[in-house]
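Here's the structure we're looking at; comments come further down.
Taken together, the values in this text are just the output of simple stated rules run on the coordinates, not laboratory data. If you're wondering where the values come from, they're calculated on a predicted model, not measured in any experiment. Don't worry about glycine lacking a Cβ; one is built from the backbone with ideal geometry, like all the others, and counts go over all protein chains shown.
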Amino acid sequence: MNQIRLVTVAGPPSSGKTSVITRMIESIPDWKRTCGVIKFDCISSLDEEHYRSRGITANTGIAGNLCPDHYFVSNIEECLEWARAEKLDTLITESAGLCNRCAPHLKDLLAVCMLDNLSGINTPLKTGPMLKLADLVVVTKSDLVSQAEREVFRFKIQQVNPRAAVLFINGVTGQGADRLAAAVQAGGKISDAAKMKLRFPMPSALCSYCLGETRVGEDFQVGLKRKIQL
Amino acid sequence: MSRTLEQLLCQPLCTVSKHYPAVSDFLAANGLDLSDFSFEDLVRSLSDEWFAGAGTTPDVLLEDGAAFFAGLLGAESIRQIESLEVLSGFDKAGCPEACSLMLKPGDVTCIVGPTGSGKSRLLADIEWLACGDTPTRRTVKLNGSMPDDSFRSSHSGRLVAQITQNMNFVLDMNVSDFLLMHARSRYLENAEDVVSEVIDIANDLSGESFRADTPVTFLSGGQSRALMIADVACIGRAPVVLIDEIENAGTDKRRALELLIQRDKIVLMATHDPLLILQADRRVVIRNGGMSAILATNDHERQLLRQLEEMDSSIQQARSFFRSGKSLTGVESLGNLSDNRE
């Protein structure tokens, strides 16, 4: 089976993932023919149309009432098969975290986290494993804030993930996107989905609410539960 | 205060955090607390269950810690840049560029050329220490030699500080707290002194004064720009400062330039303003993505600069005339509006 370069891109909603990925693919001539994107989202997504309108091969997975990261893991094997059928050599998966508890990042494959410089100075400290376990952190919208805010934001990212490279990319003009393209093209490849491992374990159904319970109250709470300390 | 990486890893964390408050944030991000343990002892004290829950291993956590502490030490060692040279590559048509560009601390260089001509690309090449790996195939030399890979990876993206027209402060903090946070992220020992110096300088550069407890989001365009310039000059670490199309009103640009020169910054200005262009030592002309000429500002141009300055001063007088609520009724000529006509 031929090898496919797989890259996980994760970041909060509206952080600029789609724009940056589009700019990145467009920064290399002819890459559109062999680089595709799968978007994982919870409720709905218009991004597939956005990619297709730019001539980029794309598909969407809607997680519905499942956690998008759990949905991602249970479907990544099928996504690789789709990429093979489309004759892609690079597959980018794009997902917005739901609760910041999980991360789609896989061992030995490039993991990218995307954060928005406008989203508040403590965002890096709140983002969890999708930032902490990333190889590369992309910061968007930094052209709109002061140099000092950019520097402090980078500093906060490095408190959480000291080993990651930090790239400031302008998703509107594409400035810096070629650097991301170079990192992606140097990323790891995989042929057999069964050999992939998550970098961070995901909790399975924790409590009755994971299983669809809607009633509130102690009597209906089964499974793992933790009470708030007030 | 020089420390080695080994010392940081084996000193009690509560001692280390006195000099490096960021340590507690790093620990918190990993679900750990400050204690009398050293970082290495802390990692050894954690149970297998803890590592399973955190999705990490002792080796990975130790490596993370070493990378974090190395980053703290790296931030202290400010490398002095004596020269930065952009060696010519190719323009958008694939033709070789006409010239290379040598930059030294204290130099002011303008970048001129129409929108889309490749000014941003030139800056990006400097920012990323290009080594023939960008579309222009330019190469950047530091202090006369090519930076090695480890220098490139640790300094890429940190060399150029930018101040542009569409930048704003977005944090909900006052001026003093904001600057202190920036200074502390740089581990400046005398952070409070530096902050009050920055506020004084910024007030000096901006016509309208603001206070230490003014929220940064309340500052006017001119005040914001003045504060950004003072902050970049005194707190920022980047050796190269890019000023991109800053409007005239509200900031004394000439004094701002003097400040940056005095702090040994390499100053680049992307501008179409003839006054600024002639105040610079020289200008690099960008055409079709390539550096096509470097023009030094000569004595003849400096003579003509005086005429421009007189024109500018008339405009400034007219501006303050209207700002003070006066009327042009009865004014015969716009030549001298500084007279006190009520």
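Can you pull the mean other chain C-beta count within 10 Å for peptide A:153-159?
Working: counts 2, 3, 10, 5, 0, 8, 13.
Mean number of neighbouring Cβ atoms from other chains: 6.
Quote the relative contact order of chain A in percent (integer), defining contacts as alpha-carbon pairs under 8 Å separated by 6+ residues.
Values: 421 pairs, mean separation 58.9, N = 230.
26 percent.
Note down, for segment A:4-204, the three equivalent ellipsoid semi-axes (square root of 5 times each alpha carbon gyration tensor eigenvalue), biggest first, whole angstrom.
24, 20, 16
Calculate for chain A the 222 nm mean residue ellipticity that helices alone would give, adding -39,500 (n - 2.57) per DSSP H run of length 4 or more and normalising by residue count, nearest 500 deg cm²/dmol.
My calculation for chain A gives -8000 deg cm²/dmol from helical runs alone.
Counting helices only, and only those DSSP H runs with n ≥ 4, report the 222 nm mean residue ellipticity of chain B as the sum of -39,500 (n - 2.57) divided by its residues, in deg cm²/dmol to the nearest 500.
Dividing the helical sum by the residues of chain B leaves -13500 deg cm²/dmol.
Antiparallel as a % of all DSSP beta bridges within the protein assembly as shown, to the nearest 5? All intermediate terms of the calculation are to be shown ahead of the outcome.
Details: 23 of 71 bridges.
That works out to approximately 30 percent antiparallel.
May I ask you to derive the relative contact order of segment B:163-212, considering only C-alpha pairs under 8 Å and at least 6 residues apart, and to give it as an integer percent?
Normalised by residue count, the contact order of segment B:163-212 is 36 percent.
Sorted by mean Cβ packing within 10 Å, highest first, what order do the peptides B:153-166, A:157-170 take?
Going by the mean number of other Cβ atoms within 10 Å, highest first, we get A:157-170, B:153-166.
Count, for each residue of B:24-32, the Cβ atoms from other chains sitting within 10 Å of its Cβ, then give me the mean as a whole number.
Rounded to a whole number, the mean comes out at 4.
Would you work out the relative contact order for chain B, in percent, from Cα pairs under 8 angstrom that are 6 or more residues apart?
Reported as a whole number, the value is 19 percent.
Let me confirm the definition first: pairs of Lys residues in chain B, 8 or more apart or on different chains, C-alpha distance under 26 Å. How many are there?
Number of lysine pairs found: 11.
Can you list residues whose amide H is under 5 Å from B:Arg237's amide H, if they're 5+ apart or on another chain and H is modeled 1.01 Å from N?
none
Name the most mobile residue of B:Ala293, B:Ala233, B:Ala67, meaning the one with the largest mean-square fluctuation, in a Gaussian network model of chain B with Cα contacts below 10 Å.
Fluctuation is largest for B:Ala67.
Can you list the aspartates and glutamates whose alpha carbon sits under 12 Å from that of A:Lys107, skipping same-chain ones fewer than 8 residues off?
Excluding near neighbours in sequence, the set is A:Asp135.
Ranked from highest to lowest mean number of other Cβ atoms within 10 Å per residue, what is the order of the peptides B:196-203, A:134-141?
Descending mean neighbour count gives A:134-141, B:196-203.
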